[in-house]
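*Asks:* Pasting a structure below so you can have a look.
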Amino acid sequence: MSTLSIDHVSRWFGNVVAVNDVTMTIGPGVTGLLGPNGAGKSTLINMMGGFLAPSTGTVTLDGRPVWRNEAVYKHIGVVPEREAMYDFLTGREFVVANAELHGLGAKAAARALATVEMEYAQDRQISTYSKGMRQRVKMASALVHDPSLLLLDEPFNGMDPRQRMQLMDLLRRMGDEGRTVLFSSHILEEVEQLARHIEVVVAGRHAASGDFRRIRRLMTDRPHRYLVRSSDDRTLAAALIADPSTSGIEVDVAEGALRVQAVDFGRFTTLLPKVAREHGIRLLTVSPSDESLESVFSYLVAA
Amino acid sequence: MYDPTVARLTYRALLGRRRALILGALPLLLIVISVAVRGLTGADDQTASDVLGGFALATMVPIIGVIAGTGAIGPEIDDGSVVYLLSKPLKRPVIIFTKLIVAIAVTMVFSAVPTMIAGLVLNGNGQQIAVAYTIAALVASIAYSALFLLLGTVSRHAVVLGLVYALVWEALFGSLVPGARTLSVQQWSLAVAHKVAEGELVTSDVGLPTATVLLVAVTVLATWYAGRKLRSLTLAGEE
Ligand SMILES: Nc1ncnc2c1ncn2[C@@H]1O[C@H](COP(=O)(O)OP(=O)(O)OP(=O)(O)O)[C@@H](O)[C@H]1O
Ligand SMILES: [Mg+2]
């Protein structure tokens, strides 16, 4: 059982702050590191894996520092985001080499290849592998020494649904065995399916942390914005603002539309058609205007 | 200090098809030139020394050193696959030292062996010229490997920088500016060759003691510094 502690860690590149004063503790089981592109997930994982020095703060695994401490790799398995991996070797040669570098042999390599079900292609050159196959061989190389901490950066990127499911099963199994598994993703559904615990980072900051249900609630309860066009915008606006589910309305004269902000999503969706009917107003357009992931995330930061 | 798995990975990367072709091209050219020269002018000690000194030692050895030295680590750092070495309980200096040994071995094989063959073709090792230049190539292989391995560790443009050093500094600048010659791996290895060859055909601007000290110092310092750099090498995300 291993616990990874990230304590007031920041990292900047020149004057770009990639990770900003993050403190979190990752314990046994599967944890998802969720955040939009450029949020600092890879930077954080690189620091967790001892491949990047924090500008300030410390990362420790069960009390031992990970930066400049090669011995810690006896306990860490890493699945990097980048593709490159000695493409001129066969899958088996690659995993055997990784085992040897841990002081282990072909037996450990064979076991790891069996775990990821890659025996059937193990004697093909890695350069001929599909993305999913590469991912599994990377996974095998990270598992050869039976590590207690597994770090995976965007492991599902480019995988087809079947490969994704297989890898999810495998990671779930690793978590159930008591390993500490941390993976990053920018897709909420992906993280939700797999992780018991979620850490959200946005723009380098630690935005939210906790059980996936809590995170999901934070995301769905946020104010929703809609663009509404109707036969009588002003009457509709007056009627909507009278209800507590509506927290703001703006008449966008240039667009010829209303911009409505609703706090109670469920109530607002029944309110809008009802109010329109009562006042004899025809609704022409109703479209959510900020469903992008970034806006969801930025809401979380503010929460 | 030496890890056989790191060595194996490095050999396979260096001797992959494309690189092996590049590594083999210059030695082949040297031997073709030697055969042609011998056919045209017959065996002549001065000519032999000119070809081996002017082409083999001044051009071929440093270029092979650049390819092997930077190639032993640069591509891995560039494409990020070095993470598979760094994520192991393996001391960073062990990785550097092993890669140095491999780079030296490859440079020696692809530069000293053809130099010897070319020397034998040119004048049948008259006045020990073939042996002298072969030893110079062996000595230079060590220093070049260490220098270019360091370059491969610190710069993304190691190959270009290495070639600029090899061709501009060693070959061109060195022959124009007297001072530059003192700081030249080529001149240091010539000092060793001078000792071996008979007569005064093989000369160097540097004395043997100075050359020896500088060769050892450059090799040791470059290797030590490369180990240090690898220790603080950071793997940042793709920008
Ligand atoms: N080596 C670097 N030099 C300069 N800036 C960097 C470097 N690495 C990362 N950054 C910056 O730090 C920020 C975080 O990058 P990071 O790669 O950690 O994000 P990410 O969450 O992994 O994104 P993605 O989902 O795209 O992989 C970005 O603004 C990025 O441009
Ligand atoms: Mg990333």
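*Asks:* Residues being in a helix (DSSP H, G or I) and more than 14 Å from chain B (Cβ to nearest Cβ): count how many of those fall in the stretch A:100-148.
*Replies:* Step one: filter the stretch A:100-148 for residues in a helix (DSSP H, G or I), giving A:100-101, A:106-115, A:119-121, A:126-128, A:131-143.
Then keep just the ones that are more than 14 Å from chain B (Cβ to nearest Cβ); that gives A:107, A:110-111, A:113-115, A:119-121, A:128, A:131-133, A:135-136.
Residues flagged as in a helix (DSSP H, G or I) and more than 14 Å from chain B (Cβ to nearest Cβ) within the stretch A:100-148 amount to 15.
*Asks:* Something else now. Which of the strands (runs of 3 or more DSSP E) contained wholly in the stretch A:166-284 include at least 2 residues that are closer than 23 Å to A:Gly77 by Cα?
*Replies:* Values: elements: A:180-185, A:197-202, A:205-211, A:224-230, A:246-252, A:257-262.
Counting at least 2 such residues, we get A:180-185, A:197-202.
*Asks:* Hey, among B:Val6, B:Val61, which residue is in a helix (DSSP H, G or I), in contact with a helix residue (DSSP H, G or I) (Cβ under 6 Å, 6 or more places away or on another chain) and more than 14 Å from chain A (Cβ to nearest Cβ)?
*Replies:* Working: B:Val6 fails: more than 14 Å from chain A (Cβ to nearest Cβ).
Checking each option against the conditions leaves just B:Val61.
*Asks:* Further, regarding this structure: Just to verify a result, which residue in the stretch B:9-54, among those that are in a loop (DSSP other than H, G, I, E, B) and not small (Gly, Ala, Ser), is farthest from B:Gln128 (Cα to Cα)?
*Replies:* Within the stretch B:9-54, the subset in a loop (DSSP other than H, G, I, E, B) is B:15-16, B:42-44.
Add one more test, that the residue is not small (Gly, Ala, Ser), and what stays is B:15, B:44.
Values: B:Leu15: 31, B:Asp44: 13 Å.
Only one residue fits best here, namely B:Leu15.
*Asks:* Can you say whether A:Tyr86 is within 11 Å of chain B (Cβ to nearest Cβ), more than 16 Å from ligand 1 (Cβ to nearest atom), part of a loop (DSSP other than H, G, I, E, B) and of a type in the set (Ser, Thr, Tyr), as far as the supplied structure shows? Please lay out each step first, then the result.
*Replies:* Details: within 11 Å of chain B (Cβ to nearest Cβ): yes; more than 16 Å from ligand 1 (Cβ to nearest atom): yes; part of a loop (DSSP other than H, G, I, E, B): yes; of a type in the set (Ser, Thr, Tyr): yes.
Considered against the rule, which asks whether it is within 11 Å of chain B (Cβ to nearest Cβ), more than 16 Å from ligand 1 (Cβ to nearest atom), part of a loop (DSSP other than H, G, I, E, B) and of a type in the set (Ser, Thr, Tyr), A:Tyr86 comes out as yes.
*Asks:* In the stretch A:69-83, what count of residues is obtained for those that are among the basic types (Lys, Arg) and either assigned to a helix (DSSP H, G or I) or more than 16 Å from ligand 2 (Cβ to nearest atom) (or both)? It would help to see each step written out before you state the result.
*Replies:* Restricting attention to the stretch A:69-83, the residues satisfying the condition of being among the basic types (Lys, Arg) are A:74, A:82.
Okay, now just the ones that are also either assigned to a helix (DSSP H, G or I) or more than 16 Å from ligand 2 (Cβ to nearest atom) (or both), so A:74.
Here the count works out to 1.
*Asks:* Test A:Gly27 against the criterion of being surrounded by 24 or more Cβ atoms within 10 Å (Cβ to Cβ), modelled with pLDDT under 95 and either more than 8 Å from chain B (Cβ to nearest Cβ) or more than 16 Å from ligand 1 (Cβ to nearest atom) (or both), and give yes or no.
*Replies:* On the way: surrounded by 24 or more Cβ atoms within 10 Å (Cβ to Cβ): no; modelled with pLDDT under 95: yes; either more than 8 Å from chain B (Cβ to nearest Cβ) or more than 16 Å from ligand 1 (Cβ to nearest atom) (or both): yes.
Taking the combined requirement at face value, the residue does not satisfy it.
*Asks:* Okay, moving on. So which residues in the stretch A:30-58 are in a loop (DSSP other than H, G, I, E, B) and either within 12 Å of ligand 1 (Cβ to nearest atom) or more than 28 Å from A:Gly178 (Cβ to Cβ) (or both), if there are any at all? Walk me through it before giving the result.
*Replies:* From the stretch A:30-58, those in a loop (DSSP other than H, G, I, E, B) are A:35-40, A:49-55; that's our starting set.
Those that are in a loop (DSSP other than H, G, I, E, B) and either within 12 Å of ligand 1 (Cβ to nearest atom) or more than 28 Å from A:Gly178 (Cβ to Cβ) (or both): A:Gly35, A:Pro36, A:Asn37, A:Gly38, A:Ala39, A:Gly40, A:Phe51, A:Leu52, A:Ala53, A:Ser55.
*Asks:* From the list B:Ala58, B:Ala7, exactly one residue is within 29 Å of A:Met48 (Cα to Cα) and among the aliphatic types (A, V, I, L, M). Which is it?
*Replies:* Values: B:Ala58 fails: within 29 Å of A:Met48 (Cα to Cα).
None of the other options fit; the residue is B:Ala7.
*Asks:* What are the residues in the stretch A:149-180 that are within 14 Å of chain B (Cβ to nearest Cβ), away from ligand 2 (no atom under 16 Å from the Cβ) and either at positive phi or in contact with a helix residue (DSSP H, G or I) (Cβ under 8 Å, 6 or more places away or on another chain) (or both), if any?
*Replies:* Just the residues of the stretch A:149-180 that are within 14 Å of chain B (Cβ to nearest Cβ), to begin with: A:149-154, A:157.
Adding the requirement that they be away from ligand 2 (no atom under 16 Å from the Cβ) leaves A:149-150.
Hit for the stretch A:149-180 is A:Leu150, nothing else.
*Asks:* Which one is surrounded by the most Cβ atoms within 10 Å (Cβ to Cβ), of the residues in the stretch B:183-239 that are away from chain A (no Cβ under 14 Å) and under 30 Å from A:Val66 (Cα atoms)? Walk me through how you get there before you give the answer.
*Replies:* Taking the stretch B:183-239 as the starting set, the residues that turn out to be away from chain A (no Cβ under 14 Å) are B:183-226.
From what is left, the residues that are under 30 Å from A:Val66 (Cα atoms) are B:220-226.
Numbers: B:Val220: 11, B:Leu221: 13, B:Ala222: 23, B:Thr223: 20, B:Trp224: 15, B:Tyr225: 15, B:Ala226: 28.
Step by step, filter the stretch B:183-239, then rank; the result is B:Ala226.
*Asks:* Among the residues of the stretch B:89-100, which ones are within 11 Å of chain A (Cβ to nearest Cβ) and either small (Gly, Ala, Ser) or buried (at least 24 other Cβ atoms within 10 Å of the Cβ) (or both)?
*Replies:* Scanning the stretch B:89-100 gives a single hit, B:Ile95.
*Asks:* Let me confirm something: among A:Val79, A:Val95, which residue is touching a strand residue (DSSP E or B) at 6+ places or on another chain (Cβ under 8 Å) and more than 8 Å from chain B (Cβ to nearest Cβ)?
*Replies:* A:Val79 is the lone residue from the list that is touching a strand residue (DSSP E or B) at 6+ places or on another chain (Cβ under 8 Å) and more than 8 Å from chain B (Cβ to nearest Cβ).
The values are calculated or read from the model by the stated rules, or taken from the named source; none is laboratory data. Keep in mind that what you see is a predicted model, and the values were worked out from it rather than measured. Counting neighbours? That spans all protein chains shown, and the Cβs are built from the backbone with ideal geometry, glycine included.
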